[in-house]
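Report on one structure; see the data block that follows.
The values are calculated or read from the model by the stated rules, or taken from the named source; none is laboratory data. The model shown is predicted, which means the values in this text are computed figures rather than measured ones. FYI the Cβ positions are ideal-geometry reconstructions off the backbone, even for glycines, and counts take in every protein chain you see. These accessible areas exclude ligands, DNA and RNA; they are computed on the full protein's heavy atoms, side chains included. Shrake-Rupley method; radii C 1.70, N 1.55, O 1.52, S 1.80 Å.
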Amino acid sequence: MTRTIVLFGAGYVTTTVVEYLTRRAENRLIIASRTLEHAVVKAKQYAHNPSNVECVAVDVADASEHRQTD
């Protein structure tokens with residue numbers, strides 16, 4: 001069973017979390033960070049299987065991207 005895990009942020013603690021979560025081949029990890037480059041570096045350096053890691057740029061402070069529509 002594949003599990004998709006979303007990790008918000010690519011700071012200091014991310015290194016350990018990425019390494020730990022990617023030990024299991026069934027885990028698919030999405031690193032959502034304000035700075036895409038930081039997420040990509042963490043994935044390349046610390047993921048056991050970088051092909052199971054997706055990096056996306058997310059700015060939670062930008063309300064225009066997160067409006068609820070009726």
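Structural remarks
- Working ranking of peptides 15-22, 44-51, 26-33 by packing, defined as the average number of other Cβ atoms within 10 Å per residue, highest first, is 26-33, 15-22, 44-51.
- Residue-averaged 222 nm ellipticity for the chain, from DSSP H runs of 4+ at -39500 (n - 2.57), nearest 500: -8000 deg cm²/dmol
- The chain - percent of accessible surface contributed by carbon and sulfur, probe 1.4 Å: 52
- Per residue accessible area of the chain, 1.4 Å probe, in Å²: 74
- Separation in nanometres of the label points that stand 7 Å from Cα toward Cβ, at K44 and F8: 2.7
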